[in-house]
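Have a look at the structure below before the remarks.
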């Protein structure tokens with residue numbers, strides 16, 4: 001196999017891994033390589049809604065946000081999220097005062113994962129949310145009546161997304 005063929009296979013593999021995959025029943029498959037996507041930001045203790053009061057603890061959770069590579073490039077070129085954008089919100093517990101750390105917080109176990117998918121043909125309103133609990137390999141769509149949809153529509157800075165919390169997308173180049 002030549003170098004050009006290998007390069008083409010790598011590009012095709014990246015494109016396939018960056019796409020939302022669904023089961024025949026319409027469940028979203030958990031992306032296997034999302035940690036290799038573009039990292040946008042982390043937040044500490046970023047909570048809202050009914051769970052907000054429960055999360056104000058000595059060790060608040062971390063939110064890590066990733067977006068698929070093609071969507072990131074599309075956003076940089078146009079300022080808008082293209083169709084087939086996938087955001088992964090990885091929520092991790094935090095800990096402090098362990099090992100040699102006596103002051104700050106560091107990330108520990110994954111608590112939850114939420115995925116925000118843009119697919120203009122599949123979803124009314126173009127976007128849908130999915131919550132993966134307990135390391136599940138698939139998730140069903142969160143109903144469109146859930147508060148996440150109206151909150152994102154009302155407060156999302158760009159196309160129902162919280163770009164205002166992703167400084168890497170609005171820093172000067």
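The values are calculated or read from the model by the stated rules, or taken from the named source; none is laboratory data. All of these numbers come straight from a predicted model, not from anything done at the bench. Ideal geometry is used to build each Cβ from the backbone, glycine not excepted, and the neighbour counts take in all protein chains shown.
Exactly one residue out of 13, 47 is modelled with pLDDT under 85, touching a helix residue (DSSP H, G or I) at 6+ places or on another chain (Cβ under 7 Å) and outside any strand (DSSP E or B): that is 47.
When we screen 124, 77, 128, 93 for residues that are closer than 23 Å to residue 18 by Cα and in contact with a strand residue (DSSP E or B) (Cβ under 7 Å, 6 or more places away or on another chain), the only hit is 128.
Counting only residues that are free of Cβ contacts under 8 Å to residues at least 40 places away in the same chain and under 16 Å from the mean Cα position of the chain (by Cα), how many does region 130-147 have?
So the count comes out to 4.
Filtering region 60-73 to residues that are crowded, with 18+ Cβ neighbours inside 10 Å and either in a loop (DSSP other than H, G, I, E, B) or in contact with a strand residue (DSSP E or B) (Cβ under 6 Å, 6 or more places away or on another chain) (or both) leaves 61, 62, 63, 64, 65, 66, 67, 68, 72.
For residue 161, the requirement of being over 21 Å from residue 32 (Cβ atoms), in contact with a helix residue (DSSP H, G or I) (Cβ under 8 Å, 6 or more places away or on another chain) and buried (at least 18 other Cβ atoms within 10 Å of the Cβ) is met.
Only residues that are on the phi < 0 side of the Ramachandran plot, assigned to a loop (DSSP other than H, G, I, E, B) and either within 19 Å of the chain's Cα centre (by Cα) or at pLDDT 85 or above (or both) were counted in region 97-128, giving 6. Any residue that is free of Cβ contacts under 8 Å to residues at least 12 places away in the same chain and loosely packed, with under 13 Cβ neighbours inside 10 Å - is there at least one of those in region 109-119? Checked against the condition, which is being free of Cβ contacts under 8 Å to residues at least 12 places away in the same chain and loosely packed, with under 13 Cβ neighbours inside 10 Å, region 109-119 yields no hits at all.
Across region 77-96, the number of residues qualifying as touching a helix residue (DSSP H, G or I) at 6+ places or on another chain (Cβ under 6 Å) and in a loop (DSSP other than H, G, I, E, B) comes to 3.
Of all the criteria given as (1) buried (at least 16 other Cβ atoms within 10 Å of the Cβ); (2) modelled with pLDDT under 95, the one not satisfied by residue 57 is (1).
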